[in-house]
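S.K.: Have a look at the structure that comes next, please.
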Amino acid sequence: MESPIACLAYSPDNRYIACGHVDGAISLHCVNNASEKKSRELLHNFRGHSHGVCDLVWSGDGRYVFSGSDDGTICVWSVERRARVRRLEGHSAPVFCLAVNPQGTVLGSGSLDTAVGLWDVRGGKNMEMLYGHLSGVLSIAFSGDGRLVASCGSDGFLCVWLAESFMCVGKTVHPAGIVSTVFTPNSRHVAGCDVDGKVFFVCAETGGTIRTVETGQKEVLRMCFVFRGEECFLFTGSRAGDVCLWDVGTKKRVKHRELGRCCGISVSPSGRVASGEGVAFETVGFIWE
């Protein structure tokens with residue numbers, strides 16, 4: 001019997017979805033973006049983790065999938081070879097979140113051991129462990145130029161690090177735990193979303209708050225920026241299954257849809273949204289349809 005889904009991620013070319021399961025497996029599916037059926041073609045099951053998968057991220061070229069697990073390790077999977085090509089060890093607790101820099105050269109990991117790990121993608125070596133949190137790291141993001149790394153956690157800290165020198169250049173203290181973070185497209189600001197659904201934007205250099213947006217969403221699972229031509233919107237999706245688009249300038253919600261309670265949410269480059277619950281996932285046209 002298939003294990004429940006814990007997380008999922010669209011490939012950069014929209015063709016595949018990788019699902020991480022609570023038994024440690026990663027399933028690879030081929031998806032038809034014109035279809036909204038819940039059943040998808042299963043291509044392969046990767047196995048190598050001894051505990052559940054917490055997060056997944058694809059390499060920018062779509063050749064590899066990175067998985068972080070409750071077993072404290074990160075696995076690198078080749079989509080073409082259908083095999084694990086590397087196992088990264090260094091964290092002492094579950095690896096809760098992952099991100100790859102835009103250049104595809106550095107993998108970032110956030111763990112419940114309070115550390116942020118930076119890894120050389122090509123060689124698989126740990127470049128550095130960054131310590132600045134008092135509790136587990138729940139989300140990590142790279143700036144668009146790859147120069148900065150942001151991390152946030154249940155301690156209410158939003159930290160900004162230099163990716164090359166590993167220095168912490170900014171730390172914002174928020175009164176509530178922060179569950180998600182992302183850089184604005186120009187890399188000048190960092191957005192954080194707290195446990196109560198408040199999104200706040202801070203200057204990446206000074207840490208000063210620029211603006212806040214009240215989403216009203218609890219347990220936000222995914223936050224990212226999406227584009228339509230030159231227009232840019234903030235996407236938020238929660239565990240309750242409500243997905244929203246926000247105009248950051250006006251702080252207004254411009255689109256909303258209820259998908260149903262889920263354990264994972266992913267947004268494709270073409271604007272489709274995938275959500276997973278139990279052993280099934282579905283994809284829907286939402287952002288531009």
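The values are calculated or read from the model by the stated rules, or taken from the named source; none is laboratory data. Source: prediction; values computed, not measured. Counting neighbours? That spans all protein chains shown, and the Cβs are built from the backbone with ideal geometry, glycine included.
S.K.: Which of the residues belonging to the stretch 248-263 are within 24 Å of Thr184 (Cβ to Cβ) and either surrounded by 18 or more Cβ atoms within 10 Å (Cβ to Cβ) or modelled with pLDDT under 90 (or both)?
M.R.: Val248, Gly249, Thr250, Lys251
S.K.: Restricting to the stretch 112-159, and then to whatever is of a type in the set (Ser, Thr, Tyr) and assigned to a strand (DSSP E or B), can you tell me which residue is farthest from the chain's Cα centre (by Cα)?
M.R.: Here is the first cut: in the stretch 112-159, the residues of a type in the set (Ser, Thr, Tyr) are 114, 131, 135, 139, 143, 151, 154.
With the extra rule that they be assigned to a strand (DSSP E or B), the set shrinks to 131, 139, 151.
Values: Tyr131: 20, Ser139: 7, Ser151: 11 Å.
Looking at residues that are of a type in the set (Ser, Thr, Tyr) and assigned to a strand (DSSP E or B), I get Tyr131.
S.K.: So, restricting to strands (runs of 3 or more DSSP E) that lie completely within the stretch 183-265, which ones have at least 2 residues that are of a type in the set (A, V, I, L, M)? If you could, list the steps in order and put the result at the bottom.
M.R.: Working: elements: 189-194, 198-203, 209-214, 220-228, 231-238, 242-247, 252-258.
Because the criterion is at least 2 residues that are of a type in the set (A, V, I, L, M), the strands (runs of 3 or more DSSP E) in the stretch 183-265 that meet it are 189-194, 198-203, 209-214, 220-228, 242-247.
S.K.: Return yes or no: is Phe183 under 16 Å from Ser139 (Cα atoms), surrounded by fewer than 19 Cβ atoms within 10 Å (Cβ to Cβ) and not acidic (Asp, Glu)? Even if it seems obvious, please write down each step before you answer.
M.R.: On the way: under 16 Å from Ser139 (Cα atoms): yes; surrounded by fewer than 19 Cβ atoms within 10 Å (Cβ to Cβ): no; not acidic (Asp, Glu): yes.
Judged against the criteria, Phe183 is not a match.
S.K.: Of all residues being surrounded by fewer than 17 Cβ atoms within 10 Å (Cβ to Cβ) and either touching a residue at least 60 places away in the same chain (Cβ under 8 Å) or touching an Asp or Glu at 6+ places or on another chain (Cβ under 6 Å) (or both) in the stretch 160-177, which is nearest to Gly197 (Cα to Cα)? Just the residue, please.
M.R.: Out of the qualifying residues, it is Ala176.
S.K.: While we're looking at this one, here's another question. Taking the stated definitions as given, is Ser109 hydroxyl-bearing (Ser, Thr, Tyr), at pLDDT 95 or above and outside any loop (DSSP other than H, G, I, E, B)? Can you show your working first?
M.R.: Numbers: hydroxyl-bearing (Ser, Thr, Tyr): yes; at pLDDT 95 or above: yes; outside any loop (DSSP other than H, G, I, E, B): yes.
For Ser109, the condition - hydroxyl-bearing (Ser, Thr, Tyr), at pLDDT 95 or above and outside any loop (DSSP other than H, G, I, E, B) - is met.
S.K.: Name the single residue, out of those in the stretch 249-269 being under 17 Å from the mean Cα position of the chain (by Cα) and of a type in the set (Ser, Thr, Tyr), that is farthest from Gln217 (Cα to Cα). Steps first, please.
M.R.: So the first thing to find is which residues in the stretch 249-269 are under 17 Å from the mean Cα position of the chain (by Cα), and the list is 262-269.
Filter again for of a type in the set (Ser, Thr, Tyr), leaving 266, 268.
Values: Ser266: 17, Ser268: 21 Å.
My answer is Ser268.
S.K.: Let me spell it out: the conditions are (1) touching a Phe, Trp or Tyr at 6+ places or on another chain (Cβ under 6 Å); (2) buried (at least 23 other Cβ atoms within 10 Å of the Cβ); (3) among the hydrophobic types (A, V, I, L, M, F, W, C); (4) outside the structural domain of Phe166 (by TED's automatic domain parsing), and Leu107 meets all of them except one. Which number is the exception?
M.R.: (4)
S.K.: Does Glu282 fit the bill of being in a loop (DSSP other than H, G, I, E, B) and either modelled with pLDDT under 90 or farther than 25 Å from Cys54 by Cα (or both)? Break it down into steps so the answer makes sense when it comes.
M.R.: Numbers: in a loop (DSSP other than H, G, I, E, B): no; either modelled with pLDDT under 90 or farther than 25 Å from Cys54 by Cα (or both): yes.
No, not satisfied.
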